[in-house]
Amino acid sequence: MEAPWRPLRHFVLKVHSRCDLACDHCYIYEHADQSWRGRPVMIAPGTVRAAAARIAQHAARHDLARVSVVLHGGEPLLLGPRRLRAVLTELRATIGPVCDLDLRMQTNGVRLDEPVGELLLEFGVRAGVSLDGGRAENDRHRRYRNGATSHPQTLRALELLRRPRFRPLWAGLLCTVDAANDPIAVYEALLAQGPPRIDLLLPHATWDNPPPAPLGPWLRAFHDRWLADGCPVPVRLFDSIRSLGLGGPTQSETIGLDTGDVVVIETDGAWEEPDSMKTTWPGGGATGLTVFDASADEVTEQPAMRRRRSGLVALSATCRACDVVRQCGGGLTAHRFSSARGFDNPSVYCDDLKELITVINEHPGPVAGDLGALPADAFDGLGYGYGDAAAVALLADAELAVNRALVGEVMSETAAGGPLLAEVERQAPEIFDEVLRHPFVRSWAVSCLDGGGGAGCDPDRVAAIAAAVAVRAGLRVDIPVGAHDGRIHLPTVGFFAAPAAEVLVCAGPGGFTLRWPGGRAEVRAGMTTRGWHAARWVTVGGVRVLLEDADPYRDRMEHTPAGRLDADDAGGWSAVLADAWARLAADAPGQIDGLRQGLRAIVPLTPAPDGTLRSSTSRHAFGALGLARTADPAAIAVLLVHEFQHTKLGAVLDLIDLVPDDAAGDRLHVGWRPDPRPVEAALQGAYAHLAIADIWRRRTERGDGRREIYRRYRDWTADAIDGLRTGDRLTVAGSRFVARMADTVGAWG
């Protein structure tokens, strides 16, 4: 039930254990745990060295691309410039050679002046500043010990951070929510400072010490004004809720199931859980380990840390039954605590979070860039690398419209079958759409149009499509269908080894009859008819999928399709697909709903001579995945997801220009190919490899995957994303799409 492994990627380093303010809502000084009283006031150089070495060791052991270290307190600027420089020098020198180091600081800002700003610039430290609103709102809690206001000093710091030279330092504002403050006044005061981001912090509370008033109405009012203004600044809580609802990552430990990678190092070197745990009981958050006697890996094995990353199983029954649990994640761990039931409770802010999540789900933010027929939520959900059933349904409907247009164009050029197709559509519109959704209807139409009516064109296939609709709908209609290569093929229905150049398909309720000069054949359900081969269907994850081994246009994929399957082969495919689908629940839970909605056909491919895995898709066959069968269901699971990524992105590209026309001649070096790739091909590869990396990440966390495979795909994807975001290789919409991909990869570390 507990996650066996997840590396730590966020380290909070306490460099000073005292503060120059006396905020009465502070979780360090004003709550149950008072261990700060016995800790060193300032972190010692030896403790910094040990902490930096432990972080570097952990990053190297798990091949982390990046870790973040947040300097915290108390108030970290009480350390003074000389000691602060020494700390930053040690961190950069020890961790920097191992991985990218994201250095940050959380400060009240009252000591942030130009010399400190220059020091932070030198070492690349981004600072978040605490501010609860205007002077009246801020003075409610953030005062000096003598009761004096700290507001003017904080505003001076923010004025410094707004200057062009120091603007790169500014990470954003942190505001602790108080229901007694006017949410609109707080919003306007924060926005007036021009922050790059706003963090709204729920004041720490437990069921033993609940909040004095509901916060849902406050959060909703703040959100509604922010939304009405066009979302002028990112708000991490709101953006995380929206991202989680679309299958993307959270940006905060406050919400979401995929958390638990934050740890604190105190001024005495003690490893601890996040500071919010100090609100639970004396010693809350303590692990009993220090950087002098325990590695970060040992910290991750502590029961408390394992609980933090156990996901859904660690939550109360109330949470597990909730329809927004995958966005809420049960809220912050500390907020679930009660002395009677421990953490087996929903968040003390449960109602407030549910109200906010519902509002955000019902009111998505504004759209930047032309997203064509896709709503912003669907576009972003696909960009994160997933896409729920609704998003994939939109793609499928758009591809159906493409198929309709292409079939119409073929008929206009060849004068073949227009009235016939229109009549079966009039009588059975839903069945008509189902047949036209068949992936290889488009492959046929494109072959006709690209071939200019030449060898690739078979205009008689219009009649085969109409006959397929009539047979499936049980319409009383007779349709002559021309044979090709000795067969007539009815898409999604089957094929007949035709003894004549043309066969009359006589459809009706309960079955159909095939007629030709001098002969006939009856086809009924459950009846064997000589020469007739029904389409093979398999049920995968509760969805019927065509095991396509007969359509003459299935050969438009990169690899050669296998021939007609016998009964044993078909049964083997059914078994391995069922086993592979069962793996997806653990390996790729964010992909399953999309696959159920969009997967229409599996095309068996001829195996590679050397035994390597083989799969492919076609841009002109949405929902069809070509796979060479292997006995390993885990490998098939990877191939299903890999190829479905290609078919999804192809559909997005049909709707929206992600790559500008003038980038056609540009090439990118990518990790998975020796030759530089066109921009669109690099985007396709990165999108597919993102999903593969996610599968191996999950397998590795469970302890049944190879970490080096995860690292390889993660690094390939991250490097390709960096290349795609360089220069003018993407449109506005393309930049947004790839930014969502970057959010997902960035959340892995």
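The values are calculated or read from the model by the stated rules, or taken from the named source; none is laboratory data. Not measured: the values here are computed from a predicted model. Positions of Cβ are generated from backbone atoms using ideal geometry, with glycine treated the same way; all protein chains shown enter the neighbour counts.
Some notes on this structure:
- The set of residues in the stretch 61-74 that are on the phi < 0 side of the Ramachandran plot, in contact with a strand residue (DSSP E or B) (Cβ under 6 Å, 6 or more places away or on another chain), surrounded by 19 or more Cβ atoms within 10 Å (Cβ to Cβ) and at pLDDT below 95 comprises His72, Gly73.
- Residues in the stretch 420-468 that are at pLDDT 85 or above and over 39 Å from the mean Cα position of the chain (by Cα): 13 in all.
- Test: residue in the stretch 602-609 that is in a helix (DSSP H, G or I), in contact (Cβ under 8 Å) with a residue 40 or more places away in the chain and closer than 26 Å to Leu394 by Cα: no
- Listed conditions (1) of a type in the set (D, E, K, R); (2) in contact with a helix residue (DSSP H, G or I) (Cβ under 9 Å, 6 or more places away or on another chain); (3) without any contact (Cβ under 8 Å) to a residue 12 or more places away in the chain are all met by Arg82, apart from (2).
- Applying a threshold of 8 Å to beta carbon distances and a minimum spacing of six or more residues, or different chains, the list of pairs starting in the stretch 654-677 at a residue that is closer than 20 Å to His620 by Cβ and ending at one that is basic (Lys, Arg) and modelled with pLDDT of 90 or more reads Val659/Arg729.
- Residue within the stretch 83-96 that is at pLDDT below 95 and either touching a strand residue (DSSP E or B) at 6+ places or on another chain (Cβ under 6 Å) or buried (at least 20 other Cβ atoms within 10 Å of the Cβ) (or both) present: no
- Candidates Arg520, Arg544, Arg564, filtered to the one that is of a type outside the set (A, V, I, L, M), at pLDDT 90 or above and under 34 Å from the mean Cα position of the chain (by Cα): Arg544
- Failed criterion for Gly541 (all others in (1) touching a residue at least 40 places away in the same chain (Cβ under 8 Å); (2) in contact with a His (Cβ under 8 Å, 6 or more places away or on another chain) hold): (2)
- Residue selected from the stretch 679-718 under the condition outside any helix (DSSP H, G or I) and of a type outside the set (Lys, Arg), by the criterion modelled with the lowest pLDDT: Gly705
- Residue count, the stretch 409-436 (criterion: part of a helix (DSSP H, G or I) and either over 21 Å from Ser618 (Cα atoms) or among the aromatic types (Phe, Trp, Tyr) (or both)): 18
- Complete set of residues in the stretch 334-344 that are surrounded by fewer than 24 Cβ atoms within 10 Å (Cβ to Cβ) and on the phi < 0 side of the Ramachandran plot: Ser338, Ser339, Ala340, Arg341, Phe343, Asp344
- When residues of the stretch 160-212 are limited to those that are β-branched (Val, Ile, Thr) and outside any loop (DSSP other than H, G, I, E, B), the one surrounded by the most Cβ atoms within 10 Å (Cβ to Cβ): Val186
- Inter-residue pairs, beta-carbon under 6 Å, first hydroxyl-bearing (Ser, Thr, Tyr) and in the stretch 53-74, second modelled with pLDDT under 95 and in a strand (DSSP E or B), 6+ apart: Ser68/His10; Ser68/Asp102
- Given (1) of a type outside the set (A, V, I, L, M); (2) surrounded by fewer than 21 Cβ atoms within 10 Å (Cβ to Cβ); (3) touching a residue at least 40 places away in the same chain (Cβ under 8 Å), number of the condition Thr287 does not satisfy: (3)
- Residues of the stretch 221-243 that turn out to be outside any helix (DSSP H, G or I) and in contact with a helix residue (DSSP H, G or I) (Cβ under 9 Å, 6 or more places away or on another chain), as a count: 5
This table checks each residue for (1) surrounded by 19 or more Cβ atoms within 10 Å (Cβ to Cβ); (2) among the β-branched types (Val, Ile, Thr).
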residue	(1), (2)
Val41	no, yes
Leu79	yes, no
Val125	yes, yes
Ser130	yes, no
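- When residues of the stretch 115-159 are limited to those that are in a strand (DSSP E or B) and farther than 25 Å from Val87 by Cβ, the one modelled with the lowest pLDDT: Arg143
- Test for Gly623: is it within 28 Å of Tyr384 (Cα to Cα) and buried (at least 22 other Cβ atoms within 10 Å of the Cβ): yes
- Number of the exception - Leu158 against (1) assigned by TED's automatic domain parsing to the domain that holds Ser240; (2) more than 30 Å from Arg336 (Cβ to Cβ): (1)
- The lone exception for Arg306 - which of (1) out of contact with any Lys or Arg (no Cβ under 6 Å at 6 or more places or on another chain); (2) crowded, with 22+ Cβ neighbours inside 10 Å; (3) in contact (Cβ under 8 Å) with a residue 24 or more places away in the chain it fails: (2)
- Residues of the stretch 285-312 that are modelled with pLDDT under 80, touching a strand residue (DSSP E or B) at 6+ places or on another chain (Cβ under 9 Å) and either farther than 18 Å from Arg9 by Cα or of a type outside the set (A, V, I, L, M) (or both): Arg308 alone.
- Here the strands (runs of 3 or more DSSP E) wholly within the stretch 478-583 that include at least 3 residues being surrounded by fewer than 16 Cβ atoms within 10 Å (Cβ to Cβ) and outside the structural domain of Leu639 (by TED's automatic domain parsing) are 519-524.
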